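Asker: Let me give you the structure first, and then I'll get to my questions.
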Amino acid sequence: MSKKLTSRAENYSKWYNELVVEADLAENSAVRGCMVIKPYGYAIWEKMQAELDKKFKETGHQNAYFPLFVPKSLFEAEEKNAEGFAKECAVVTHYRLENDPDKPGKLRVDPNAKLEEELVVRPTSEAIIWSTFKGWVQSYRDLPLLINQWANVVRWEMRTRLFLRTAEFLWQEGHTAHTTKQEAIAEAELMNNVYATFTEDFMAIPVIQGLKTESERFAGADETYCIEALMQDGKALQAGTSHFLGQNFAKAFDVKFTSKEGKQEYVWATSWGVSTRLMGALIMTHSDDHGLVLPPKLAPNQVVIVPIYKTDEQLDAITEVVNGIMTELRSKNISVKFDNRDTYRPGAKFAQHELQGVPLRIAIGARDLENGTVELARRDTLTKEVVVLDTLTDRVEGLMTEIQDTLYKKALDYRNTHITEVETFDEFKKVLEEKGGFISAHWDGTAETEDKIKEITKATIRCLPLDGKIEKGICVLTGRESARRVLFAKAY
């Protein structure tokens, strides 16, 4: 079985990297900077995807799919967007290989197969989607246009970490067009709320909703809304973003509509997305030194049953009882796995399911059959109890809610005790180095001060909290007037 994990206290980064691999979530691939998401990790992503997709459709959005390749001329059309992503782009320049005459059995790029125009491998899809929207929108009757796509994107990263930062990753990206500015802003706010609700209710991760500063905004956006979470090492993680794009892309791609009054007007736009980075957030918020800890709503297997037996006859008797247990649990929409592999001893199975974060483990042996009981073990608290078979389904059903709530409350308590108000830059640096977490501090509103604080401390402004205090004060760095507090943190 797997080796003991490095502890979080000893080396948090190493613990994370080991856990992703040992829990069978993902591994590095033959392509530098890219990952293979393994079946167990992908099963968690599928549960996230299914719930988010449901929420998108409930809010009126439809799924579509757009090309992976973006002609460079289209990519250049919105200058801020192009400039913001230029250094991360992979570019296709040729369309064919040929046998290498100088190296038998090898291939080379055919020099005669150069593309007339280079193709950018999408780092984000605004350019290709808005060039398409131009043909979809003529009248106010065509609006709002509410589109989402599930896709992969490529952002050429030099320093990578599984799930958190890879050259290729999976995500969804919503792209919408509206008749008015107010409607587009409402859409951006709505989808940020959808992300916050999902993250808190399903992932059991508390988040702070806020606005990004101008320098941290999405390239090409007028405003970026975000949800910020806090990991166990005191670093922040941006879990999702929703952008009000104004009319920037509409003007770049000439997307106009005829209004009810018969006037030609540019549409107003939004885009929004979350990615497999949420997997990293899930791992780092809840997991411990024993392995993964999963909230029941996202666990591929919410319950695992391990038989303990010496003879085939005992296994047959246990299996008959287990079949009844599984039927009852599944009738309550609880996913359950019977781990009856004969290639592993019970202790090894316990260790694997603990490492993989299965919320509840049921052990049942010959003596349990005689007593009409089972042993129930919780992954979140690592506690055990003996439960009478007749009450097992009700107990498991109750624990699904209890574990979900317990994980959220634990994460919320940690987050709340790691939001620290400071008044001076000395306090700022002391909290950052000794405690970590979010630092609530006054900022004079200038990009120069924001950059200087980042340069000195590596902390960035994570957001201007939507429900934050609007109170005048003195900037922690410059001593100039400040209109409000903002949240700083070191971040992933």
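The values are calculated or read from the model by the stated rules, or taken from the named source; none is laboratory data. Predicted model only: the values in this text are computed from it and were never measured. Here the Cβ is made from the backbone with ideal geometry for all residues, glycine too, and neighbour counts use every protein chain on show. These area figures cover heavy atoms from the full protein model, side chains too; ligands, DNA and RNA do not enter into them. Shrake-Rupley method; radii C 1.70, N 1.55, O 1.52, S 1.80 Å.
Asker: Scanning segment 102-129 for residues that are small (Gly, Ala, Ser) and in contact (Cβ under 8 Å) with a residue 24 or more places away in the chain, which turns out surrounded by the fewest Cβ atoms within 10 Å (Cβ to Cβ)?
Answerer: Ser125
Asker: Go through segment 326-366 and give me each residue that's open to solvent by 30 Å² or more (accessible area, probe 1.4 Å) and part of a loop (DSSP other than H, G, I, E, B).
Answerer: Lys332, Asn333, Ser335, Asn340, Arg341, Asp342, Thr343, Tyr344, Arg345
Asker: Looking at (1) in a strand (DSSP E or B); (2) surrounded by 14 or more Cβ atoms within 10 Å (Cβ to Cβ), can you tell me which one Val386 breaks?
Answerer: Result: Val386 passes all but (2).
Asker: Within segment 286-320, take every residue that is out of contact with any Pro (no Cβ under 9 Å at 6 or more places or on another chain) and closer than 12 Å to Met203 by Cβ and give me the one that is least open to solvent (accessible area, probe 1.4 Å).
Answerer: Taking the candidates together, the pick is Leu298.
Asker: Considering each residue of segment 413-426, count those that are open to solvent by 40 Å² or more (accessible area, probe 1.4 Å) and either closer than 20 Å to Glu228 by Cα or in contact (Cβ under 8 Å) with a residue 12 or more places away in the chain (or both), and give that number. Please lay out each step first, then the result.
Answerer: Keep residues of segment 413-426 that are open to solvent by 40 Å² or more (accessible area, probe 1.4 Å), which gives 413-414, 416-417, 419, 421, 423-424, 426.
Subsequent filtering for residues that are either closer than 20 Å to Glu228 by Cα or in contact (Cβ under 8 Å) with a residue 12 or more places away in the chain (or both) retains 413-414, 416-417, 419, 421, 423-424.
Residues meeting the conditions: 8.
Asker: When you go through Ala151, Ala188 one by one, which is the residue that is among the aliphatic types (A, V, I, L, M), surrounded by fewer than 20 Cβ atoms within 10 Å (Cβ to Cβ) and either more than 19 Å from Leu282 (Cα to Cα) or in contact (Cβ under 8 Å) with a residue 60 or more places away in the chain (or both)?
Answerer: Ala151
Asker: A further question on this structure: In segment 167-175, is there at least one residue being modelled with pLDDT under 95 and either under 21 Å from Val70 (Cα atoms) or surrounded by fewer than 16 Cβ atoms within 10 Å (Cβ to Cβ) (or both)?
Answerer: Within segment 167-175, none of the residues are modelled with pLDDT under 95 and either under 21 Å from Val70 (Cα atoms) or surrounded by fewer than 16 Cβ atoms within 10 Å (Cβ to Cβ) (or both).
Asker: What pairs come out if I take residues in segment 38-65 that are among the β-branched types (Val, Ile, Thr) and pair them with residues that are in a helix (DSSP H, G or I) whose C-beta lies under 8 Å away, six or more apart or interchain?
Answerer: Listed by first residue and then by second, the contacts come to Ile44/Met279; Ile44/Leu282; Ile44/Leu298; Thr59/Leu190; Thr59/Met191; Thr59/Val194.
Asker: If you don't mind, there's one more thing I want to ask. If Lys38 satisfies all but one of (1) surrounded by 16 or more Cβ atoms within 10 Å (Cβ to Cβ); (2) closer than 22 Å to Glu157 by Cβ; (3) within 21 Å of the chain's Cα centre (by Cα), what's the number of the condition it fails?
Answerer: (1)
Asker: Could you check segment 367-376 and list, in sequence order, the residues that are part of a strand (DSSP E or B) and either open to solvent by 10 Å² or more (accessible area, probe 1.4 Å) or among the hydroxyl-bearing types (Ser, Thr, Tyr) (or both)? Lay out the reasoning, then the answer.
Answerer: Let us first name the residues in segment 367-376 that are part of a strand (DSSP E or B), namely 373-376.
Within segment 367-376, Thr373, Glu375 meet the criteria.
Asker: Now, a different point. If you take the residues in segment 444-492 that are out of contact with any Phe, Trp or Tyr (no Cβ under 9 Å at 6 or more places or on another chain), in contact (Cβ under 8 Å) with a residue 40 or more places away in the chain and of a type in the set (Asp, Glu), which one is least open to solvent (accessible area, probe 1.4 Å)?
Answerer: Among those that are out of contact with any Phe, Trp or Tyr (no Cβ under 9 Å at 6 or more places or on another chain), in contact (Cβ under 8 Å) with a residue 40 or more places away in the chain and of a type in the set (Asp, Glu), it is Asp451.
Asker: Answer yes if at least one residue in segment 216-232 is part of a helix (DSSP H, G or I), touching a residue at least 40 places away in the same chain (Cβ under 8 Å) and surrounded by fewer than 22 Cβ atoms within 10 Å (Cβ to Cβ), and no otherwise.
Answerer: For segment 216-232, residues part of a helix (DSSP H, G or I), touching a residue at least 40 places away in the same chain (Cβ under 8 Å) and surrounded by fewer than 22 Cβ atoms within 10 Å (Cβ to Cβ): present.
Asker: Which ones in segment 342-373 are among the β-branched types (Val, Ile, Thr) and either touching a residue at least 40 places away in the same chain (Cβ under 8 Å) or under 20 Å from Ile283 (Cα atoms) (or both)?
Answerer: Initially, segment 342-373 is screened for residues among the β-branched types (Val, Ile, Thr), giving 343, 358, 362, 364, 373.
Val358, Ile362, Ile364, listed by residue number.
Asker: Moving on to the next point. Taking Ile461 as the residue in question, decide whether it is aliphatic (A, V, I, L, M), within 31 Å of the chain's Cα centre (by Cα) and more than 30 Å from Val374 (Cβ to Cβ).
Answerer: yes
Asker: Where in segment 51-152 are the helices (runs of 4 or more DSSP H), entirely inside, with at least 2 residues that are of a type outside the set (Val, Ile, Thr) and in contact with a strand residue (DSSP E or B) (Cβ under 7 Å, 6 or more places away or on another chain)?
Answerer: Here the list reads 72-75, 126-136.
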